[in-house]
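To start, the structure itself, in structure tokens.
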Amino acid sequence: SSIKFGPNYLKHHELQETFLKNLSKNIKKKIHIKPYFYDYGWNLIKRIKKINKESKVISESDIRKLYGKYDLIITSSPTTTFLESVYLNIPVITLFKKNIWELNQSGKKIFSKLKGINIYFDNPFKAASYLNKNLNTLINKWHTQDSQQILNIFRKNYIKRNNYTSSKISNIIER
């Protein structure tokens, strides 16, 4: 389902804004934001800059060129960037409401497991609090056996491995 139009998108973006507002100053300084390539008239960059004037906005349109540059990726939906990050085993956190991004029953079940290992959040206050308290240990937590076990279940059921992956992504995987 697409939420780029209408009141659901406003609710979705307000959720993200609440998250950003509740991050510590230290983390706000470190965050680089890559908005969706088309703004649909929502003035997202302007809204983000109201929250944090120092927010760095990424202009690179090809997300694949960015994966190797960041230790943690934070997504606002269970879409391509989230899926590719999990596929590439790059630590990722996602924040969205299940009633806006609809999930089927099996999706709800696996995202509940991802919630249990602090990869999926539906509450911006909890997401910000977790990041504020755990920034220095997130990468280690991502690579724990418990987290990888759940991530492997997610990969097996929701991400198709492509044997013809471009050499750029293959190079990232092998690093």
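Test each condition in (1) loosely packed, with under 14 Cβ neighbours inside 10 Å; (2) modelled with pLDDT of 95 or more for I150 and report the one that comes out false.
(1)
Take K4 and tell me if it is modelled with pLDDT of 75 or more, under 17 Å from the mean Cα position of the chain (by Cα) and of a type in the set (K, R).
Details: modelled with pLDDT of 75 or more: no; under 17 Å from the mean Cα position of the chain (by Cα): yes; of a type in the set (K, R): yes.
It is false that K4 is modelled with pLDDT of 75 or more, under 17 Å from the mean Cα position of the chain (by Cα) and of a type in the set (K, R).
Being at pLDDT below 70 and of a type in the set (A, V, I, L, M, F, W, C) is the filter; apply it to the range 153-175 and report the residue that is surrounded by the most Cβ atoms within 10 Å (Cβ to Cβ).
Checking each candidate, the answer is I172.
Just the residues that are out of contact with any Phe, Trp or Tyr (no Cβ under 9 Å at 6 or more places or on another chain), open to solvent by 40 Å² or more (accessible area, probe 1.4 Å) and either closer than 20 Å to K141 by Cβ or in contact (Cβ under 8 Å) with a residue 24 or more places away in the chain (or both), please, taken from the range 47-62. Full working, then the answer.
Looking only at the range 47-62, we keep the residues that are out of contact with any Phe, Trp or Tyr (no Cβ under 9 Å at 6 or more places or on another chain), and these are 47-60, 62.
Applying the additional criterion that residues be open to solvent by 40 Å² or more (accessible area, probe 1.4 Å) yields 47, 49-50, 53-54, 56-57, 59-60.
Answer for the range 47-62, where residues must be out of contact with any Phe, Trp or Tyr (no Cβ under 9 Å at 6 or more places or on another chain), open to solvent by 40 Å² or more (accessible area, probe 1.4 Å) and either closer than 20 Å to K141 by Cβ or in contact (Cβ under 8 Å) with a residue 24 or more places away in the chain (or both): R47, E54, K56, V57, E60.
Condition check: open to solvent by 30 Å² or more (accessible area, probe 1.4 Å), outside any loop (DSSP other than H, G, I, E, B), aromatic (F, W, Y) and modelled with pLDDT of 90 or more. Does F125 satisfy that? Give the steps one after another, and end with the answer.
Values: open to solvent by 30 Å² or more (accessible area, probe 1.4 Å): yes; outside any loop (DSSP other than H, G, I, E, B): yes; aromatic (F, W, Y): yes; modelled with pLDDT of 90 or more: yes.
For F125, the condition - open to solvent by 30 Å² or more (accessible area, probe 1.4 Å), outside any loop (DSSP other than H, G, I, E, B), aromatic (F, W, Y) and modelled with pLDDT of 90 or more - is met.
Which members of the range 62-78 meet the condition of being charged (D, E, K, R) and part of a helix (DSSP H, G or I)? Working first, answer last.
From the range 62-78, those charged (D, E, K, R) are 62, 64-65, 69, 71; that's our starting set.
R64, K65, K69 - these are the residues of the range 62-78 that are charged (D, E, K, R) and part of a helix (DSSP H, G or I).
Those residues that are assigned to a helix (DSSP H, G or I), farther than 19 Å from S24 by Cα and either among the hydrophobic types (A, V, I, L, M, F, W, C) or open to solvent by 80 Å² or more (accessible area, probe 1.4 Å) (or both), I need them from the range 128-143; list them, please.
Kept after step one, since they are assigned to a helix (DSSP H, G or I), are these residues of the range 128-143: 128-142.
Subsequent filtering for residues that are farther than 19 Å from S24 by Cα retains 140-142.
Across the range 128-143, the qualifying residues are N140, W142.
Quickly run through the range 94-109 and pick out the residues that are of a type outside the set (K, R), open to solvent by 10 Å² or more (accessible area, probe 1.4 Å) and touching a residue at least 12 places away in the same chain (Cβ under 8 Å). Write out each step before concluding.
We begin by selecting, within the range 94-109, every residue of a type outside the set (K, R); these are 94-96, 99-107.
Among the residues that remain, those that are also open to solvent by 10 Å² or more (accessible area, probe 1.4 Å) are: 99-106.
Listed by number, the residues that qualify are I100, W101, E102, L103, S106.
For the range 90-122, enumerate the residues that are over 14 Å from I74 (Cα atoms) and in a loop (DSSP other than H, G, I, E, B).
K97, K98, N99, I100, W101, E102, L103, N104, I117
The values are calculated or read from the model by the stated rules, or taken from the named source; none is laboratory data. Quantities reported herein were computed from a predicted structural model and do not represent experimental measurements. When we count neighbours, we look across all protein chains shown, and the Cβ atoms used for this are built from the backbone with ideal geometry, even at glycine. These accessible areas exclude ligands, DNA and RNA; they are computed on the full protein's heavy atoms, side chains included. Shrake-Rupley method; radii C 1.70, N 1.55, O 1.52, S 1.80 Å.
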